[in-house]
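Okay, structure first, notes after.
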Amino acid sequence: MFHTIKPKELTQNVFSLLDDQWALIAAGTKDHCNAMTASWGGMGVLFHKNVVTIYVRPQRYTYEILEQHAEFTLSFFDPSYRSVLTMFGTKSGREMDKIKESGLTLLMAGEEAPYFGEAELVLSCRKLYQQDLNPEGFVEPFIHEFYEKQDYHRMYIGEITQALVRSSTIE
(Lines give C-alpha, C1' and ligand atoms only; values in the text may rest on other atoms or scores of the structure.)
Protein backbone atom coordinates (compact mmCIF):
# COMPACT_ATOMS: atom_id res chain seq x y z
CA MET A 1 0.00 0.00 0.00
CA PHE A 2 1.20 3.49 -0.83
CA HIS A 3 0.70 6.90 0.73
CA THR A 4 0.84 10.11 -1.26
CA ILE A 5 3.34 12.70 -0.04
CA LYS A 6 4.43 16.09 -1.34
CA PRO A 7 7.66 15.96 -3.35
CA LYS A 8 9.30 18.32 -0.84
CA GLU A 9 8.67 15.71 1.87
CA LEU A 10 11.04 13.20 0.23
CA THR A 11 13.80 12.25 2.64
CA GLN A 12 15.91 10.08 0.33
CA ASN A 13 19.25 11.25 -1.03
CA VAL A 14 18.46 11.94 -4.69
CA PHE A 15 22.04 11.26 -5.75
CA SER A 16 21.95 7.83 -4.14
CA LEU A 17 18.48 7.06 -5.50
CA LEU A 18 19.62 7.38 -9.10
CA ASP A 19 23.30 6.51 -9.05
CA ASP A 20 23.33 3.69 -6.48
CA GLN A 21 19.77 2.44 -6.23
CA TRP A 22 18.65 2.98 -9.85
CA ALA A 23 15.05 3.46 -11.02
CA LEU A 24 12.64 2.04 -13.55
CA ILE A 25 11.35 4.61 -16.02
CA ALA A 26 7.93 3.46 -17.21
CA ALA A 27 5.60 4.93 -19.82
CA GLY A 28 2.54 3.88 -21.76
CA THR A 29 -0.88 2.51 -20.93
CA LYS A 30 -1.95 -0.54 -18.95
CA ASP A 31 -2.30 -2.47 -22.22
CA HIS A 32 0.91 -1.21 -23.86
CA CYS A 33 3.79 0.00 -21.75
CA ASN A 34 7.48 -0.55 -21.23
CA ALA A 35 10.06 0.18 -18.59
CA MET A 36 13.82 0.56 -18.54
CA THR A 37 16.44 0.98 -15.85
CA ALA A 38 17.93 4.42 -15.32
CA SER A 39 20.92 5.56 -13.31
CA TRP A 40 21.25 9.00 -14.87
CA GLY A 41 18.90 11.83 -14.03
CA GLY A 42 18.18 14.57 -11.60
CA MET A 43 15.60 16.15 -9.36
CA GLY A 44 15.07 19.78 -8.53
CA VAL A 45 12.99 22.84 -9.21
CA LEU A 46 12.43 24.38 -12.64
CA PHE A 47 9.65 26.64 -13.92
CA HIS A 48 8.55 26.90 -10.24
CA LYS A 49 7.71 23.17 -10.36
CA ASN A 50 9.21 20.13 -8.62
CA VAL A 51 10.76 18.22 -11.50
CA VAL A 52 12.77 15.18 -12.50
CA THR A 53 15.09 15.01 -15.45
CA ILE A 54 15.62 11.70 -17.25
CA TYR A 55 17.78 10.77 -20.22
CA VAL A 56 16.85 8.09 -22.77
CA ARG A 57 18.77 7.03 -25.88
CA PRO A 58 16.80 6.91 -29.15
CA GLN A 59 17.33 3.18 -29.72
CA ARG A 60 15.54 2.26 -26.49
CA TYR A 61 11.99 0.93 -26.82
CA THR A 62 10.96 3.11 -23.88
CA TYR A 63 12.01 6.14 -25.96
CA GLU A 64 9.35 5.28 -28.56
CA ILE A 65 6.70 5.00 -25.86
CA LEU A 66 7.80 8.19 -24.09
CA GLU A 67 7.40 10.02 -27.39
CA GLN A 68 3.76 8.89 -27.62
CA HIS A 69 2.67 9.74 -24.09
CA ALA A 70 2.59 12.82 -21.88
CA GLU A 71 3.32 11.01 -18.61
CA PHE A 72 5.96 8.71 -17.16
CA THR A 73 6.96 7.34 -13.78
CA LEU A 74 10.13 6.60 -11.88
CA SER A 75 9.89 3.59 -9.55
CA PHE A 76 12.60 3.00 -6.93
CA PHE A 77 13.09 -0.38 -5.23
CA ASP A 78 14.94 -1.85 -2.28
CA PRO A 79 18.28 -3.58 -3.05
CA SER A 80 16.72 -7.05 -3.27
CA TYR A 81 15.37 -6.08 -6.73
CA ARG A 82 18.83 -5.37 -8.22
CA SER A 83 18.72 -8.40 -10.55
CA VAL A 84 15.27 -7.35 -11.82
CA LEU A 85 16.55 -3.83 -12.49
CA THR A 86 19.57 -5.30 -14.29
CA MET A 87 17.24 -7.27 -16.57
CA PHE A 88 15.19 -4.14 -17.35
CA GLY A 89 18.43 -2.36 -18.27
CA THR A 90 19.88 -5.08 -20.50
CA LYS A 91 16.86 -6.58 -22.30
CA SER A 92 14.63 -4.92 -24.87
CA GLY A 93 10.88 -4.64 -24.58
CA ARG A 94 10.75 -5.17 -28.34
CA GLU A 95 12.02 -8.72 -27.86
CA MET A 96 10.28 -9.76 -24.66
CA ASP A 97 7.61 -8.72 -22.19
CA LYS A 98 9.96 -7.53 -19.46
CA ILE A 99 7.17 -6.72 -17.05
CA LYS A 100 5.68 -10.20 -17.30
CA GLU A 101 9.12 -11.83 -17.06
CA SER A 102 10.04 -9.74 -14.01
CA GLY A 103 7.02 -10.81 -11.96
CA LEU A 104 6.46 -7.20 -10.91
CA THR A 105 2.90 -5.99 -10.34
CA LEU A 106 1.86 -3.35 -12.88
CA LEU A 107 -0.24 -0.54 -11.42
CA MET A 108 -1.38 2.76 -12.88
CA ALA A 109 -1.11 6.26 -11.38
CA GLY A 110 -3.17 7.61 -14.28
CA GLU A 111 -4.10 6.49 -17.77
CA GLU A 112 -0.50 6.98 -18.96
CA ALA A 113 1.51 6.47 -15.77
CA PRO A 114 2.43 2.80 -15.17
CA TYR A 115 4.38 1.90 -12.05
CA PHE A 116 5.15 -1.16 -9.95
CA GLY A 117 3.53 -2.36 -6.74
CA GLU A 118 6.82 -3.61 -5.31
CA ALA A 119 8.47 -0.17 -5.46
CA GLU A 120 9.43 1.73 -2.31
CA LEU A 121 8.99 5.14 -3.95
CA VAL A 122 7.17 6.18 -7.13
CA LEU A 123 7.33 9.58 -8.80
CA SER A 124 4.57 10.14 -11.33
CA CYS A 125 5.47 12.86 -13.83
CA ARG A 126 4.01 14.91 -16.67
CA LYS A 127 6.40 15.92 -19.42
CA LEU A 128 7.16 19.64 -19.55
CA TYR A 129 10.15 19.73 -21.90
CA GLN A 130 12.21 17.45 -24.11
CA GLN A 131 15.30 17.96 -26.22
CA ASP A 132 18.15 15.91 -27.62
CA LEU A 133 21.57 16.51 -26.12
CA ASN A 134 23.70 18.47 -28.57
CA PRO A 135 27.40 17.53 -28.70
CA GLU A 136 28.26 21.15 -29.51
CA GLY A 137 27.25 21.93 -25.94
CA PHE A 138 29.71 19.48 -24.34
CA VAL A 139 32.25 21.64 -22.54
CA GLU A 140 34.44 18.77 -21.32
CA PRO A 141 35.96 16.48 -23.99
CA PHE A 142 35.50 13.30 -21.90
CA ILE A 143 31.73 13.49 -22.41
CA HIS A 144 32.16 12.41 -26.04
CA GLU A 145 33.36 9.01 -24.72
CA PHE A 146 29.75 8.21 -23.80
CA TYR A 147 28.65 8.67 -27.41
CA GLU A 148 30.90 6.61 -29.67
CA LYS A 149 27.79 5.78 -31.75
CA GLN A 150 26.61 9.41 -31.67
CA ASP A 151 23.35 8.18 -30.12
CA TYR A 152 22.74 11.23 -27.97
CA HIS A 153 20.24 10.94 -25.17
CA ARG A 154 16.97 12.81 -25.28
CA MET A 155 16.43 14.75 -22.08
CA TYR A 156 12.93 14.81 -20.64
CA ILE A 157 11.95 17.17 -17.84
CA GLY A 158 8.80 16.13 -16.05
CA GLU A 159 6.80 17.81 -13.32
CA ILE A 160 6.30 15.49 -10.36
CA THR A 161 2.52 15.28 -10.18
CA GLN A 162 2.40 12.62 -7.48
CA ALA A 163 4.88 11.06 -5.07
CA LEU A 164 3.93 7.68 -3.66
CA VAL A 165 5.77 6.09 -0.75
CA ARG A 166 5.29 2.52 0.43
CA SER A 167 3.52 2.63 3.78
CA SER A 168 6.18 0.51 5.51
CA THR A 169 8.88 3.06 4.58
CA ILE A 170 7.17 5.94 6.41
CA GLU A 171 6.01 4.11 9.54
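Scanning the stretch 90-143 for residues that are aliphatic (A, V, I, L, M), more than 19 Å from Thr62 (Cα to Cα) and without any contact (Cβ under 8 Å) to a residue 24 or more places away in the chain returns Val139, Ile143. Looking across Phe76, Phe72, one residue alone is among the aromatic types (Phe, Trp, Tyr), modelled with pLDDT of 95 or more and in contact with a Cys (Cβ under 9 Å, 6 or more places away or on another chain). It is Phe72. Residues of the stretch 8-29 being of a type outside the set (A, V, I, L, M) and either touching a Pro at 6+ places or on another chain (Cβ under 8 Å) or in a loop (DSSP other than H, G, I, E, B) (or both), which ones? Hits for the stretch 8-29 are Thr11, Gln12, Asn13, Gln21, Trp22, Gly28, Thr29.
Going through the stretch 83-92 one residue at a time, which ones are surrounded by 12 or more Cβ atoms within 10 Å (Cβ to Cβ) and either basic (Lys, Arg) or assigned to a helix (DSSP H, G or I) (or both)? The answer is Val84, Leu85, Thr86, Met87, Phe88, Gly89, Lys91. Here Ser39 does not qualify as under 17 Å from Glu118 (Cα atoms) and of a type in the set (S, T, N, Q). Just to be sure, is Leu104 surrounded by 10 or more Cβ atoms within 10 Å (Cβ to Cβ), at pLDDT 95 or above, farther than 18 Å from Gly42 by Cβ and not polar (S, T, N, Q)? When the stated conditions are applied, Leu104 passes them.
Considered as a group, the residues in the stretch 1-59 that are loosely packed, with under 11 Cβ neighbours inside 10 Å and aliphatic (A, V, I, L, M) include one that is farthest from Leu85 (Cα to Cα), and that residue is Val45. Evaluation of Leu66 against the conditions (1) among the hydrophobic types (A, V, I, L, M, F, W, C); (2) at pLDDT below 95; (3) in a helix (DSSP H, G or I) shows that the sole unmet condition is (2).
What is the number of the single condition among (1) closer than 16 Å to Glu120 by Cβ; (2) at pLDDT 95 or above that Gln12 does not meet? (2) is the only condition that Gln12 fails. Of all residues in the stretch 93-108, exactly one satisfies the criterion of being touching a Phe, Trp or Tyr at 6+ places or on another chain (Cβ under 6 Å) and part of a helix (DSSP H, G or I), namely Lys98. In the stretch 37-51 there is at least one residue that is β-branched (Val, Ile, Thr) and more than 27 Å from Met96 (Cβ to Cβ). Just checking, does the stretch 45-56 include any residue being farther than 17 Å from Gln162 by Cβ, in a helix (DSSP H, G or I) and within 15 Å of the chain's Cα centre (by Cα)? No: the stretch 45-56 contains no residue that is farther than 17 Å from Gln162 by Cβ, in a helix (DSSP H, G or I) and within 15 Å of the chain's Cα centre (by Cα).
The values are calculated or read from the model by the stated rules, or taken from the named source; none is laboratory data. As the structure is a prediction and not an experimental result, all values here were calculated from the model. Virtual Cβ from ideal backbone geometry, glycine too; neighbours counted across all protein chains shown.
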